[in-house]
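No value in this document is a laboratory result; all are computed from the given coordinates. Please read these numbers as outputs of a predicted model, since none were measured by experiment. A quick note on method: Cβ atoms are made from the backbone with ideal geometry, for glycine too, and the neighbour counts reach across all protein chains shown.
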Protein chains: 2
Amino acid sequence: MRQVGSVLWPKLRTLQVYGANTGVGKTIFSTILCQAFRKRFEKVHYLKPISTGPLQEADDSHLSTFGSGILSKTLYQFSDPVSPHLAVRGSSQDVSDNAVRSAVHDELSSYANGNDGIAIIETAGGVLSPAPSGITQADLYRPLRLPVLLVGDHRLGGIGSTISAWESLHIRGYDVQSIALSDESRYGNYAYLRDYFAERNVDAFSITPPPDVRATASEDIESMRNYYSHASDGTQVTSFVDRFLQSHDQRIDSLQSMPKQATEAIWHPFMQHSERNENTVIAMDSAYGDYFQTYQKKPSQSIAKPDPASTQEASLITPAFDASASWWTQGLGHGNPQLALTAAHAAGRYGHVMFASAIHEPALTLAQTLIQRMGNPRLSKVFYTDNGSTGMEVAVKMALRAASKRNGWSPDENVEILGLIGSYHGDTIGTMDCSEPSIYNKKVEWYRGRGHWLDFPTVKMRDGQWNVEVPEQLRKELGDTKSFDSLDEVFDLDARKADREMYRKYLDGEIDQLRQAGRKFGALIMEPIILGAGGMNLADPLFQRCLVDAVRESTPSASDETDWSGMPVIFDEVFTGLYRLGRFSAASFLGVDADIVVNAKLLTGGLLPLCTTTASEAIFEAFLSNDKSDALLHGHSYTAHAVGCAVANESLKTMMKISDSADWTAYRKNWSSPAVELSSASPARSLWSMWSQDFVKAVSHKPNVDSVFAIGSVFAMTLKDPAGSGYASTVATGLRDRLLAGTGPGQAVIHSRVLGNVLYLMGAMNSTPQTLAEVERTVLDALE
Amino acid sequence: MRQVGSVLWPKLRTLQVYGANTGVGKTIFSTILCQAFRKRFEKVHYLKPISTGPLQEADDSHLSTFGSGILSKTLYQFSDPVSPHLAVRGSSQDVSDNAVRSAVHDELSSYANGNDGIAIIETAGGVLSPAPSGITQADLYRPLRLPVLLVGDHRLGGIGSTISAWESLHIRGYDVQSIALSDESRYGNYAYLRDYFAERNVDAFSITPPPDVRATASEDIESMRNYYSHASDGTQVTSFVDRFLQSHDQRIDSLQSMPKQATEAIWHPFMQHSERNENTVIAMDSAYGDYFQTYQKKPSQSIAKPDPASTQEASLITPAFDASASWWTQGLGHGNPQLALTAAHAAGRYGHVMFASAIHEPALTLAQTLIQRMGNPRLSKVFYTDNGSTGMEVAVKMALRAASKRNGWSPDENVEILGLIGSYHGDTIGTMDCSEPSIYNKKVEWYRGRGHWLDFPTVKMRDGQWNVEVPEQLRKELGDTKSFDSLDEVFDLDARKADREMYRKYLDGEIDQLRQAGRKFGALIMEPIILGAGGMNLADPLFQRCLVDAVRESTPSASDETDWSGMPVIFDEVFTGLYRLGRFSAASFLGVDADIVVNAKLLTGGLLPLCTTTASEAIFEAFLSNDKSDALLHGHSYTAHAVGCAVANESLKTMMKISDSADWTAYRKNWSSPAVELSSASPARSLWSMWSQDFVKAVSHKPNVDSVFAIGSVFAMTLKDPAGSGYASTVATGLRDRLLAGTGPGQAVIHSRVLGNVLYLMGAMNSTPQTLAEVERTVLDALE
């Protein structure tokens, strides 16, 4: 089933009516609004998605009676007059969230025929009353993110319940256009709420309460007709109608002008701005789950462009699958209400509290969780910073100091780092210096690569075959391409004895040679398994493992087994850690423990910047002395900010749960290779991906595809590039643009990023198999 | 009036009963709980802070009737049976928030006499029902942050209203211990809510609903007595009591063990850890407004230690004024509900959306606001990063490229920066390189100071007299100490013609000499007015102004008036900008426009990491070409994260409002010097501080004080240090420790930070004059 996204039609306005509670008069307000809008538009739709209770008492029949000329409809009717989640019991209808969302989406779409009009969508019960599936209504309808009118509670206690209901909508990312309520002056609710919301830039308006019930039904109908006729003409209602229509137009103006305004006021990251114009900037109206809700100045090529034969009006907003997982950060989806609430709780409890010599529960819990769950007995201390780059700066400072102290090197000496070619550790100058000269850094005036970088064998699937491929210039030492029956076999490090021997011989020689040349190394820095920004290279894990072993055994000097030897080993797990590759720590693929580990990105589930640099006790002790200037004098203003730490705790807890979920079990099963006997029997050593094995193989066979791989949530394909690969390559951008334009009706629109001739796809931890399957189909079609 | 803080007594437990709405049975639950606790404790208090309606129907008389042995009390009784904010009309009682908070705090304190017991505090109406002053109840009682029992709504619609009420408490930072409600099975509310909250780790329990009203009053009383007697013995209630008592003990254990656990798992910023132990780490239980709610293993010397003659039990939590404004970040106070809600709305609407080639409303609005409000016609483009250090790295990359391109320097050349001695721009290695060698950086292996740094005259008040003091070695060129009648005169730059002439002559000569020596400068970098981390040095604004002028006029090469000349000028306003010194931009004190401005810290009002680097169009254009590698290839995962940008917009809007508030008008008036005639008549040129002029003068006269200054929210005092000043000095730590211990009953406990022999105080933008006055009194006492 297609994912339902947000909608915004220029001519068909939509307004969703929520109630602060049951019994606040949603239907009365809906009727008044329908009548009021009827004076502006020919077509006024009243839609009740879900109705419970006897048919004759249903809200749409109220509308039929009192809403002359209004087109009213109910999508789901259940006769039991209770909450929808109870009323559906025994029903055979598909009332799953996506079914209901799709039904509402399709119904509204059918109204969008190019004529000016409005649809009023009335919810059932209060804002958080349960929907048929059991989730709250505000969560059910959130993907559509329609503008909201909240009917407040005019009764005793209604001030508080109205504000709370508004807060519940607000933290779910809704735009509440207005609060409306009956003006019963006894409790002064309206007067209070009007002022309260005015301070928050939310309009409020009131209506005269409806008349008392009359003696006979016909008198009653007459009296209500009169009431509606007057109420819909009242100043407060007509001025709301004016404001609403204005705000609709303003929203469209704002969305349409954002790309151009962005070109005027924004300096975008990682972009050559000579290529930027208002057609290349995408406006994000909102986002939900795996999808951006996008507006593009340049209409996409198929989805958003209506069939010329159809009278269908196109929505300005297109949902686009976030295939870069928002630069590799997403773990739990956009607009996640649980993370929003967690963030707000920490903000409400602490705000930010200075962290020097202080501790608070979220920071302590997060540190303890990381130390415990990383499964690395060396690690004992967590240092907080704000992003991967600053966290790597800290890691480098830690390692250089530990190495310099033990080796007696002075700060003036040229201490370097050892790494792999194509590594990337951030954009601050200190971390840039940890990578070899490249297009990323070579023009930066203060960049001075300070290290030595080794080339390495990579793992690739070509035409359905897993290979370990050795760079041309290393084939003499490391042999030719080796083929494997499965990814599991590649990662079965203990079994690859011959490769190990070759690798160690080569690496021992290299290290020896470097030392002979008098070079001093303060750290070995590696991204375990995947070198992300360098072009999504899947390193042969055995080579990385051998490099760590070689470094450590080169000068054994550790005082105990948690101490470092040779040189401190830093694993940059900013991208690869915390379930990105399906495991808490990517180091577990190598079966070796680092002395310093850096985590960020997924740490907060994809919501906020936060980074941890976790170090061993031996590294920590290198900074102890009686002199303050020997300390690690590093810190940022918002170090260990409570909001980030709290969100991280909630995210890790949720991701740990997901790692045991049925979806993940199914992914693992899809990749299990029972025929292969592994030397290391641990099931944890089995490699798998959220992307199906069939998809990965199918892509690898495509004629324009050079090679592919997939692990955990990451899939990467290298496209054949006749002009030679590299970051400057543009061969993948054509595919990227096709995916963004949409390949056809009913298929996903995909917002992807490329790295040279590599296009990658990445899910969140809670992306559903259905969503990923849809993306797979779309990508396969686009590769035809 | 004293600020009311959070309380936590080991023996006197507290439980605040909130209702999801009016009429959900708070008093019935309170009565049941009082009776249930009465079986555990001798002393059970029932406190109704505010009651409306006839006295004989008041909740405490219900308790008197049914709560045998319960000590019940009402603090404020109003006879009108309406919401408290209406009921107080015409009352002469002081019902200000602080009065009510103090009354509750004092009443509870009087119960804390060392005996085991509990106080049940019952609120009025629903969670967000208005308190007497008009703010919501949840906001009224938030400073106390008592553990909460939320009585859910068992009626139709009660599922939604209960969850919304919980969310309103949660986003205000409350710990809701449990949800309780009548189990009326018709609507299934309890079954739903129990499962819903179990997923969120909140217990829920239910009770049998009370019996129907009987025919006579005495039968009714008898029936209710029976009901209470059974209900308070029920399994669900007794097991809640057990859980509550356990969680109380666990909270204390956790708080008391946090400092030690922190020493095991945390690597603190900017600390020599050989000095760290569990007595030196402060646990932050929460924070509110200007105050941390702290637990210290080492009891503070007076406040927290009870008078030995008294039976008063000390609260484990001490409110401590956050005098470092949490490392200079606080603008709008801790636990600010408006910022929490804004953060949650952005999280709910977007989560984080990737910013490359994209735009969203919060980022666009923030960029436009900064460009417009900075009042600097050069600025046109905003680049987002996560903290001041990364934002300065970007600024340096921008300036060096622009300068290198225009001058034809290659990346291999040694391009340097020009700055002032004692500058600080962050802890990443690139920004460290922008400061001269010092205790902060000299032991960092990769630190290589790349620049030339000038010493400069500073502004100080000594013994009530404002001086501009010239460093010893510059007196030949710049003259001796100059005295001024007011700070306004110091900042009246146009009037200081003789000084200007001397400064320019000296600076022109210095710059000429550096160029003659073949040195290449890519940027002038300065913190306008105050060099913060370098030791709170107030630079002579005229000197900074002359330096900018000298640099720009040294090689005039600008193509138009928004172009840079000489070298790009970077203002690091991370600390000094955005109202920290009372103005949107600190550059306005110098009357000169930078080419690049960096803002952070106050940008989000003190909640979250976010940084902007705002540059001129000329700088931006230096990166334009047809080659991607010429671009500024910089970016962080969470660049322009929507939550941070949204919070920044809300914060700036709020701070702009505050700048016109009555409090700020009073501060300005306190500092106005009508007798002094200024050459530049603009009232905006008048210098002022939130700290009173009397206080600043009084401190300057203290015998152990060397000098002081105050501007905007910042007050700094340099203590006399016989051993010589500097970052390694410890002379101020004694004062800091005294302030943290508390100088006596009724005085503020102050959590301050020192920089060498400098101790500073900093308010938030919304600190009240009362709070600051209390801090001033305490500091003056501590200096005796």
Task: Pair B:THR733, A:ASP485: separation of 7 Å Cα→Cβ label points (nm) - done: 6.6 nm
Task: B:SER616 long-range amide H proximity, modeled H, under 5 Å - done: B:SER380
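Report the local net charge at B:PRO377: Lys and Arg +1, Asp and Glu -1, summed over other residues whose C-beta lies under 13 Å from its C-beta.
Neighbourhood net charge equals -4.
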Open item on the list: What Kirkwood Rh does chain B have if only Cα atoms enter the pairwise 1/r average? Answer in Å.
Closed with: 29.1 Å
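Can you tell me how the range A:12-247 classifies by the Cα gyration tensor, rounded, prolate or oblate, using a/c under 1.5 as the rounded cut?
Working: a/c = 1.26, a/b = 1.16, b/c = 1.09.
Rounded is the answer for the range A:12-247, as its axis ratio a/c remains below 1.5.
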Open item on the list: Taking 21 Å as the cut-off for C-alpha to C-alpha distance, list the pairs among B:LYS460/B:LYS482; B:LYS497/B:LYS669; A:LYS442/B:LYS628; A:LYS442/A:LYS476; B:LYS26/B:LYS48 that go past it.
Closed with: B:LYS497/B:LYS669; A:LYS442/A:LYS476
- [ ] Tell me which residues come under 5 Å, amide H to amide H, from A:GLN16 once H is placed; ignore anything under 5 positions away on its chain.
- [x] A:ILE121, A:VAL148, A:LEU149
- [ ] Give me the percent of DSSP beta bridges within the protein assembly as shown that run antiparallel, rounded to the nearest 5.
- [x] 50 percent
- [ ] Tell me the distances, shortest first, between B:ASN407 and the same position across the other copies, using label points 7 Å along Cα→Cβ, in nm to one decimal.
- [x] 3.4
- [ ] Would you mind listing the distances between the A:ARG89 label point and the same position in each other copy? Use 7 Å along Cα-to-C-beta, nm, one decimal, shortest first.
- [x] 4.7
Open item on the list: With n ≥ 4 as the cut-off for DSSP H runs, can you work out [θ] at 222 nm for chain B, using -39500 (n - 2.57) per run divided by the number of residues, rounded to the nearest 500?
Closed with: -10500 deg cm²/dmol
- [ ] Run down the aspartates and glutamates and flag those whose C-alpha is under 16 Å from the C-alpha of A:LYS443, throwing out any fewer than 8 positions away in its chain.
- [x] A:ASP427, A:ASP433, B:GLU393, B:ASP412, B:GLU413, B:GLU416, B:GLU621, B:ASP627, B:ASP630
Task: Helix A:541-554 axis, angle to chain A major axis (alpha carbon atoms, nearest 10°) - done: 50 degrees
Task: Average beta carbon contacts from partner chains per residue of A:618-628, 10 Å cutoff - done: 3
TODO: Give the distance, in whole Å, between the Cα centre of the range B:223-292 and the Cα centre of the range B:440-480.
DONE: 48 Å
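Could you please report the charge total around A:LEU366, scoring K, R as +1 and D, E as -1 over all other residues with beta-carbon less than 11 angstrom from its beta-carbon?
0
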Task: Charge-dipole axis of chain A as Lys and Arg at +1 and Asp and Glu at -1 on Cβ define it, positive-most pick from A:ALA180, A:MET717, A:ALA320 - done: A:ALA180
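Go through the range A:1-87 and name the trypsin sites (Lys or Arg not before Pro) that are in a DSSP coil and have 10 or fewer other Cβ atoms within 10 Å of their Cβ. All intermediate terms of the calculation are to be shown ahead of the outcome.
Details: sites: A:ARG2, A:LYS11, A:ARG13, A:LYS26, A:ARG38, A:LYS39, A:ARG40, A:LYS43, A:LYS73; in loops: A:ARG2, A:LYS11, A:LYS39, A:ARG40.
Qualifying residues, ordered by number: none.
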Open item on the list: Students often check this: by mean Cβ neighbours within 10 Å, which of B:278-286, B:112-120, B:252-260 ranks highest, and how do the rest follow?
Closed with: B:278-286, B:112-120, B:252-260
TODO: Would you order A:ARG552, A:ARG401, A:ARG225, A:ARG89 from fewest to most other beta-carbon atoms within 10 Å of each residue's own beta-carbon?
DONE: A:ARG89, A:ARG225, A:ARG552, A:ARG401
Open item on the list: Could you derive backbone 3J(HN,Hα) for the range A:268-275 from the dihedral phi with the Karplus parameters 6.51, -1.76 and 1.60 (θ = phi - 60°), listing whole Hz in sequence and x where the residue is Gly or Pro?
Closed with: 6, x, 6, 9, 8, 6, 5, 8
Task: For the range A:81-95, Karplus couplings with θ = phi - 60° (6.51, -1.76, 1.60), whole Hz, Gly/Pro x - done: x, 10, 4, x, 5, 8, 5, 7, 3, x, 6, 9, 5, 7, 10
TODO: Rank the residues B:ARG406, A:ARG200 as a footprinting-exposure proxy: fewest other Cβ atoms within 10 Å of their Cβ go first.
DONE: A:ARG200, B:ARG406
Task: Total formal charge among the other residues, if their Cβ is under 13 angstrom from that of A:ARG172, Lys/Arg +1 and Asp/Glu -1 - done: -1
TODO: Amide H neighbours of A:ILE317 under 5 Å, at least 5 residues apart or on other chains, H built in the peptide plane: list them.
DONE: A:LEU8
TODO: Would you mind listing the distances between the A:ALA773 label point and the same position in each other copy? Use 7 Å along Cα-to-C-beta, nm, one decimal, shortest first.
DONE: 7.1
Task: By average C-beta atoms within 10 angstrom, highest first, the peptides A:167-175, A:714-722 - done: A:167-175, A:714-722
Open item on the list: Could you tell me how far the Cα centroid of the range B:602-649 sits from the Cα centroid of the range B:40-107, in Å?
Closed with: 53 Å
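Sort the range A:25-142 into rounded, prolate or oblate with this rule: let a ≥ b ≥ c be the square roots of the eigenvalues of the Cα gyration tensor; rounded if a/c is under 1.5, and if a/c is not under 1.5, prolate when a/b is larger than b/c, oblate otherwise.
Prolate is the answer for the range A:25-142, as a/c is 1.5 or above and a/b outweighs b/c.
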Task: Straight-distance crosslink candidates among aspartates and glutamates, where the alpha carbon sits under 19 Å from B:LYS297 and sequence neighbours closer than 8 are dropped - done: A:GLU361, B:ASP249, B:ASP253, B:GLU264, B:GLU275, B:GLU278, B:ASP285, B:ASP307, B:GLU313, B:ASP322, B:ASP737
